[in-house]
Amino acid sequence: MIILDTDHINILQNQQDNEFQNLTSRMSASADQDFVTTVITFEEQMRGWLALINRSNDAHRQVAGYDKLNAVVDFFARWNRLPFDDAAATEFKSLRDQKIRIGTMDLKIASIALSQDVLVLSANLRDFEQVPNLQVKDWIH
């Protein structure tokens, strides 16, 4: 099983640039074809579109935001999303106790990966490599 972090999911959603070609080529060539994401990535995207919608008082300007929100729901409906469960919460607390200084959402994704003992694909190696025993690679660069 391989977890795609938010940045890798964004590349798949946008289907543009060399990064998309790099990622899809690496995914096609991978021996492990069980690609998943996390409920945390879903949350990050939902929060972003909801914030955009809530910033506008003009209903007509909100239409595009709601279209994007629907597209996110449709996209994630086709993906297996690993939960932030009790095992991940235990890992999260342990990492916090170790004073790992990365963003909360990234720390939660790392906690899910550690609890499942799986690889994370992320372009954010600088942060994720701070997490002890986390397997992480960048397949877009």
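FYI, it's all coordinate maths here, none of it is from the lab. The shown structure was predicted, so the numbers you read here are calculated from the model rather than taken from an experiment. With ideal geometry, Cβ positions are generated from the backbone for all residues, glycine too; neighbour counts draw on all protein chains shown.
Brief remarks on what is shown
- Computed E for Tyr66/His141 - FRET, C-beta separation, R0 41 angstrom, nearest 0.05: 0.80
- Built amide H within the under 5 Å cut-off of Thr38, gap 5+: Leu82
- Amide H contacts of Val118 (H built 1.01 Å from N, under 5 Å, at least 5 apart or other chain): none
- Those lysines that a straight Cα-Cα span of less than 22 Å connects to Lys108, excepting residues fewer than 8 apart in one chain: Lys93, Lys99, Lys137
- Distance between the pseudo-spin-label points of Thr104 and Val36 (7 Å out from Cα toward the beta carbon): 2.4 nm.
- Pair Leu50, Arg96: separation of 7 Å Cα→Cβ label points (nm): 2.0 nm
- Peptide ranges 106-112, 16-22, 55-61 listed from the most packed, as the mean C-beta count within 10 angstrom indicates: 106-112, 16-22, 55-61
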